[in-house]
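Accompanying notes for the structure given below.
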Amino acid sequence: MCTGQILFKKTSIILAELDIKFGFINLIDYFFNLIRIPYFCIALFVYATATLFWLFILQKIPLSLAYPFTALAMVIIPVVSIFMFNEKLNINYWFGAGLIVSGILVISLEL
């Protein structure tokens, strides 16, 4: 899922560079521009694969234990965005990320 979000961000950068704007009037043109961007197509494939993998996980682990691990995306994606997109994170982010990781560790003790 994290990879899909990164690929969507790269897609949005390309859309902005090409000055392609979303709108109901140009919805069809927008769609055809999207499917020409490789990052977008790869992101769709990543999400489809992740969905199948998620179904496999849910066959093995209760949802109440598996779902909290999806919160790791809130930690991983911003950290990756520092390196890939030169984004800045403030102290509030790091404090919140620490709380998320701590919460997941507490929940995982039940595993």
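The values are calculated or read from the model by the stated rules, or taken from the named source; none is laboratory data. Quick caveat, the model's predicted, so the values are computed rather than measured. Virtual Cβ from ideal backbone geometry, glycine too; neighbours counted across all protein chains shown.
Looking only at the range 25-46, filter to residues that are of a type outside the set (Val, Ile, Thr) and touching a Ser or Thr at 6+ places or on another chain (Cβ under 8 Å); which one of those is farthest from Phe8 (Cα to Cα)? Working first, answer last.
Residues of the range 25-46 of a type outside the set (Val, Ile, Thr): 26-27, 29-34, 36, 38-41, 43-45.
Next, only the ones that are touching a Ser or Thr at 6+ places or on another chain (Cβ under 8 Å) stay: 34, 39-40, 43.
Numbers: Leu34: 10, Tyr39: 7, Phe40: 6, Ala43: 7 Å.
So, considering only residues that are of a type outside the set (Val, Ile, Thr) and touching a Ser or Thr at 6+ places or on another chain (Cβ under 8 Å), the one farthest from Phe8 (Cα to Cα) is Leu34.
Can you say whether Phe56 is loosely packed, with under 12 Cβ neighbours inside 10 Å and within 19 Å of Met1 (Cα to Cα), as far as the supplied structure shows?
Spelling it out, Phe56 is indeed loosely packed, with under 12 Cβ neighbours inside 10 Å and within 19 Å of Met1 (Cα to Cα).
Which residues, taken from the range 67-111, are touching a residue at least 12 places away in the same chain (Cβ under 8 Å), over 28 Å from Lys10 (Cβ atoms) and aliphatic (A, V, I, L, M)?
Correct list: Ile107, Leu111.
Within the range 55-64, count every residue that is modelled with pLDDT under 95 and touching a helix residue (DSSP H, G or I) at 6+ places or on another chain (Cβ under 7 Å).
0
Within the group Leu72, Leu52, which residue is modelled with pLDDT under 95, outside any loop (DSSP other than H, G, I, E, B) and not β-branched (Val, Ile, Thr)?
Result: Leu72 is the single residue among Leu72, Leu52 that is modelled with pLDDT under 95, outside any loop (DSSP other than H, G, I, E, B) and not β-branched (Val, Ile, Thr).
What tally of residues in the range 22-49 results from selecting those that are in a helix (DSSP H, G or I), under 21 Å from the mean Cα position of the chain (by Cα) and either among the aliphatic types (A, V, I, L, M) or outside the structural domain of Ser12 (by TED's automatic domain parsing) (or both)?
The number of residues fulfilling the criteria is 7.
Does Ala97 satisfy the criteria of being out of contact with any Pro (no Cβ under 8 Å at 6 or more places or on another chain) and either surrounded by 12 or more Cβ atoms within 10 Å (Cβ to Cβ) or not in a helix (DSSP H, G or I) (or both)?
So Ala97 does not fit the description; no.
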